[in-house]
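Participant: Sharing a structure below in structure tokens format, with a few things to ask.
The values are calculated or read from the model by the stated rules, or taken from the named source; none is laboratory data. All values reported here derive from a predicted model rather than from experimental measurement. Quick reminder, even Gly has a Cβ in these numbers, built from the backbone with ideal geometry, and neighbours come from all protein chains shown.
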Amino acid sequence: MDTIVSCPRCGKSVVWGPESPWRPFCSKRCRLVDLGEWLDENHRIPGTEDDPDEDSPMSEH
């Protein structure tokens, strides 16, 4: 039985298998639109801010 996932861009159903080369996206277009959003910094992975006082000075290296 094939696993069906939703395209993260448009929500269309996609078969998770070799017959869907753009998985988890439904198409090349959805894949490129999503990539463009990451490149435009519309998506982010949460993290912590670096504390500049904790970094070792460059002169020590």
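Participant: Within region 11-52, track down each residue that is more than 13 Å from the chain's Cα centre (by Cα) and either surrounded by 13 or more Cβ atoms within 10 Å (Cβ to Cβ) or small (Gly, Ala, Ser) (or both).
Facilitator: Those that are more than 13 Å from the chain's Cα centre (by Cα) and either surrounded by 13 or more Cβ atoms within 10 Å (Cβ to Cβ) or small (Gly, Ala, Ser) (or both): Gly11, Ser13, Val14, Val15, Gly17, Ser20, Trp22, Cys26, Ser27, Gly47.
Participant: Return the pair list, or none, for Cβ contacts closer than 9 Å from residues in region 18-42 that are among the polar types (S, T, N, Q) to residues that are in a helix (DSSP H, G or I) and at pLDDT 95 or above, at least 6 apart or on different chains.
Facilitator: Within 9 Å, the pairs are Asn42/Gly36.
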